[in-house]
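Contents: one structure, followed by commentary.
The values are calculated or read from the model by the stated rules, or taken from the named source; none is laboratory data. Treat the numbers as computed from the prediction; the structure is a model and nothing was measured. Because the Cβ atoms are built from the backbone with ideal geometry, glycine has one as well, and the counts that use them run over all protein chains shown. For the accessible areas, the whole protein counts, side chains as well, though only heavy atoms, and no ligand, DNA or RNA atoms are used. Shrake-Rupley method; radii C 1.70, N 1.55, O 1.52, S 1.80 Å.
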Amino acid sequence: MILYGAPAPGLVEVPRGVTQVSPLIPGSDDLSAMPDGAQDGAMILAPPGTLERDFVLAQALRALAPGAPVCVFAPKDKGGARLKKALEGFGCAVTEAARRHHRFCHATRPAAPTGLAAAIDAGAPRVVESLGLWSQPGVFSWDRIDLGSARLLTMIPALAGRGADLGCGVGVLAGPILASPQVTDLACIDLDRRAVACAQRNLGDPRARVLWADARVPDAALAGLDFVVTNAPFHDGGAEDKALGVAFIQAASTMLRRGGVCWIVANRHLPYEATLATAFAAVAVRADAGGYKIFEARK
């Protein structure tokens, strides 16, 4: 049986031995690489975006054996109310229930599902013309440059030495950083396997190492760096979580050598000043406009 996502404790009973296939959990299996008709069941915490959700549902139905059960669920206000219709669009007969502010849809894999190829194609990786980069629905800011990243790029000077891009996404920041010939090594780290795969295609630079990992988890290989850049995330599962940005700041400080520099952009309302002051010897606000602050912090 396959499991997509990490349900809250007590929300559903997850059988032993399930195979995790969420791209947001490092080490998980790749659902899109699984053979047709090989799985005997699926539990899916559906993502909220329509293209991403339908891609996941279509890939799961493709990978399931005919008649295999599938349980799809999501919060009512984050796509749960639309799950039944989405599954019916693939030819499933669906029963629906509500519990703990979630909708649960139960179905079995039809002998001949409809619309799988179209949904998989719509949610697949592609070159996004507005970015000029490979991206995929579901990746952060997948079809446009995030405004925070755009502002950060206007402030970062030419960097040098060994560095890291924490939460690198598809490589929007890494590409311009690597334009400096003085950069000798850039570790690009992201929690999303899809973003990592796209960044690997986008960067194509021997100095770039793209890693599928949680940037908050210490890595002995990432120490003594000259610089770190980050557009730190502050949402987890759609809910604002300031602790994410705090953890990224602390991780950046741990990675840097004494005198090393961290460039970070943050939404103006996020209270990171105290964390920065504790983690770094010197902190300067280099820009404060348009709802964003850009900090330069030295170890």
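Examine the range 95-107 for a residue that is open to solvent by 40 Å² or more (accessible area, probe 1.4 Å), touching a strand residue (DSSP E or B) at 6+ places or on another chain (Cβ under 9 Å) and closer than 30 Å to Arg126 by Cα, and state whether such a residue exists.
Among the residues of the range 95-107, not one is open to solvent by 40 Å² or more (accessible area, probe 1.4 Å), touching a strand residue (DSSP E or B) at 6+ places or on another chain (Cβ under 9 Å) and closer than 30 Å to Arg126 by Cα, which makes the answer no.
Of all residues in the range 118-139, count the ones that are surrounded by fewer than 17 Cβ atoms within 10 Å (Cβ to Cβ) and either assigned to a loop (DSSP other than H, G, I, E, B) or touching a Lys or Arg at 6+ places or on another chain (Cβ under 6 Å) (or both).
Qualifying residue count for the region: 4.
Return the total of residues in the range 176-207 being among the small types (Gly, Ala, Ser), crowded, with 23+ Cβ neighbours inside 10 Å and either modelled with pLDDT under 95 or within 27 Å of Arg298 (Cα to Cα) (or both).
1
Okay, residues lined up against (1) open to solvent by 10 Å² or more (accessible area, probe 1.4 Å); (2) part of a loop (DSSP other than H, G, I, E, B):
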{"position": "Gly37", "(1), (2)": "yes, yes"}
{"position": "Pro48", "(1), (2)": "yes, yes"}
{"position": "Leu57", "(1), (2)": "no, no"}
{"position": "Leu61", "(1), (2)": "no, no"}
{"position": "Gly67", "(1), (2)": "yes, yes"}
{"position": "Ala74", "(1), (2)": "no, no"}
{"position": "Lys85", "(1), (2)": "yes, no"}
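Being touching a residue at least 24 places away in the same chain (Cβ under 8 Å), over 24 Å from Asp226 (Cβ atoms) and hydrophobic (A, V, I, L, M, F, W, C) is the filter here; which residues of the range 262-288 pass it?
Selection gives Leu270 alone.
Could you check, for the range 249-269, whether at least one of its residues is hydrophobic (A, V, I, L, M, F, W, C), under 22 Å from the mean Cα position of the chain (by Cα) and surrounded by fewer than 22 Cβ atoms within 10 Å (Cβ to Cβ)?
No, that holds for no residue.
For the range 140-167, which residues satisfy the criterion of being open to solvent by 10 Å² or more (accessible area, probe 1.4 Å), in contact (Cβ under 8 Å) with a residue 40 or more places away in the chain, closer than 25 Å to Pro48 by Cβ and not in a helix (DSSP H, G or I)?
Phe140, Asp146, Gly167
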